Amino acid sequence: MKKRGEMWMLAGLAVMGLLIAGCSDNQTGPGDAGAAPQGVTTEQQAIEYYAVNDGFVTNDEETFADREVTALDAGSFGKIDAAVTPIRFARVITGVTKTVETTFEPGDEVAIAHVTKDITGIFKILVVTADNETLMVEKPFNDVSARNVVFKRLTRNPNRFWMNWMPVSSSLVKGGTVPPNNSITIKQLELITGDTTIVITDPLEHYLYYGWMGQHQLRAGLRKCMVPELMGGQEVRIRVTLESTSPDTDFVAVRYGFKNLNWKRFPMTMVEQLESGGVYTRVYETVRDHPLFMHYHRGWFNLGIDAVTHETLFDDQAPYSASWWGVPYRVF
């Protein structure tokens, strides 16, 4: 069972609307009673199909991909006496490979689909060199993300096997660079609203129940943790703790907006730093003089917390290294 304090997760997440990046207009589930999806011939294949087409799962890439090479306020963090000084940057995704591993819980009433995405692309940085020359630096990257989707058995109809299971819950998404370039890791996310602080330390173990699914219940301990169904206008602060091997200040941003409207990447401010054995623990916050408020646009969204190392941006030879988490929510 979840601790009682975690039940307040809904209240905290429900004020985070403006911070969410990525949107899907339709939550995917078994819908066409007349025919199975193309290529789906078994119940397990149906679960895997609906897992990768789940409305929250499909916009992981949209959350963390950039529409263009977007401005960076380089003077707001880190050292400028680096190999290059970044002006703008963008993560451009060129390929995504999806895999699903399904586990059926005892009783054959609940299934967990573990969705992994292997994401490749180019990290583009518009920089100014020490000779005051402007050029575009391109770094290949390879990230991997993971998310769990919970399915509930609805029936056992062999003639409509693709309708037998329904997605009813999703974990948060956890992503980052594959070894050996994984030199930065988000360790904790805090959502602060008024006097309430919600702490998340393992995104794959925080499940959010699709409340609009009505009577379809989850296993014990999950049914009260619903995907936030949001109302607008409330302020929220975000606090992120990470570990990094970079001696210089990392760059951490909140990604939010929806589709091509009001899409933003908002830099966070480092407020604490400790070093031990060459590993730096850093804490970042959204600052009080830049309040964030929930938008009113309807749909399914994902909050993006995106952290990259200092060298990723300031060193034209160093490899790309990133860590990112995503939190699903719904505006109705």
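The values are calculated or read from the model by the stated rules, or taken from the named source; none is laboratory data. The structure displayed is predicted, hence computed values, not measured ones. Neighbour counts run over all protein chains shown; Cβ positions are idealised from the backbone, glycine included.
Taking only the range 283-314 into account, find how many residues are assigned to a loop (DSSP other than H, G, I, E, B) and modelled with pLDDT of 90 or more. Before you say what the answer is, go through the steps one by one.
As a first pass, look at the range 283-314 and keep what is assigned to a loop (DSSP other than H, G, I, E, B): 286-291, 294-298, 309.
Filter once more, so that each one left must be modelled with pLDDT of 90 or more: 309.
Result for the range 283-314: 1.
Are any residues in the range 320-332 crowded, with 17+ Cβ neighbours inside 10 Å and either touching an Asp or Glu at 6+ places or on another chain (Cβ under 7 Å) or modelled with pLDDT of 90 or more (or both), and if so, which ones? Can you show your working first?
Residues of the range 320-332 crowded, with 17+ Cβ neighbours inside 10 Å: 320-331.
Within the range 320-332, Tyr320, Ser321, Ala322, Ser323, Trp324, Trp325, Gly326, Arg330 meet the criteria.
Give the residues of the range 169-196 that are closer than 20 Å to Lys98 by Cα and of a type in the set (A, V, I, L, M, F, W, C), sorted by residue number.
The answer is Leu172, Val173, Val178.
Could you tell me which numbered condition Gln188 fails, if it satisfies all but one of (1) closer than 24 Å to Val254 by Cβ; (2) surrounded by 21 or more Cβ atoms within 10 Å (Cβ to Cβ)?
The single condition Gln188 does not satisfy is (2).
Taking the range 149-166 as the search range and keeping residues that are part of a strand (DSSP E or B) and aromatic (Phe, Trp, Tyr), which one is nearest to the chain's Cα centre (by Cα)? I'd like the intermediate steps shown before the answer.
Kept after step one, since they are part of a strand (DSSP E or B), are these residues of the range 149-166: 149-153, 165-166.
After this cut, where a residue has to be aromatic (Phe, Trp, Tyr) as well, the list is 151, 165.
Details: Phe151: 20, Trp165: 25 Å.
My answer is Phe151.
Would you confirm, using the coordinates I've provided, whether Ser169 is part of a strand (DSSP E or B) and under 30 Å from Leu313 (Cα atoms)? Step through it out loud before you land on a result.
Working: part of a strand (DSSP E or B): yes; under 30 Å from Leu313 (Cα atoms): no.
It is false that Ser169 is part of a strand (DSSP E or B) and under 30 Å from Leu313 (Cα atoms).
Yes or no, residue by residue, for (1) assigned to a strand (DSSP E or B); (2) of a type outside the set (Phe, Trp, Tyr); (3) at negative phi; (4) at pLDDT below 90:
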{"site": "Phe123", "(1), (2), (3), (4)": "yes, no, yes, no"}
{"site": "Lys139", "(1), (2), (3), (4)": "yes, yes, yes, no"}
{"site": "Arg147", "(1), (2), (3), (4)": "yes, yes, yes, no"}
{"site": "Glu190", "(1), (2), (3), (4)": "yes, yes, yes, yes"}
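When the residues of the range 77-121 are filtered to those that are among the small types (Gly, Ala, Ser) and over 24 Å from the mean Cα position of the chain (by Cα), which remaining residue is modelled with the lowest pLDDT? It would help to see each step written out before you state the result.
At the first step, the residues of the range 77-121 found to be among the small types (Gly, Ala, Ser) are 78, 82-83, 90, 95, 107, 111, 113, 121.
Within this subset, residues satisfying the condition of being over 24 Å from the mean Cα position of the chain (by Cα) are 78, 82-83, 107.
Details: Gly78: 42, Ala82: 55, Ala83: 67, Gly107: 92.
Across the range 77-121, the extreme among qualifying residues is Gly78.
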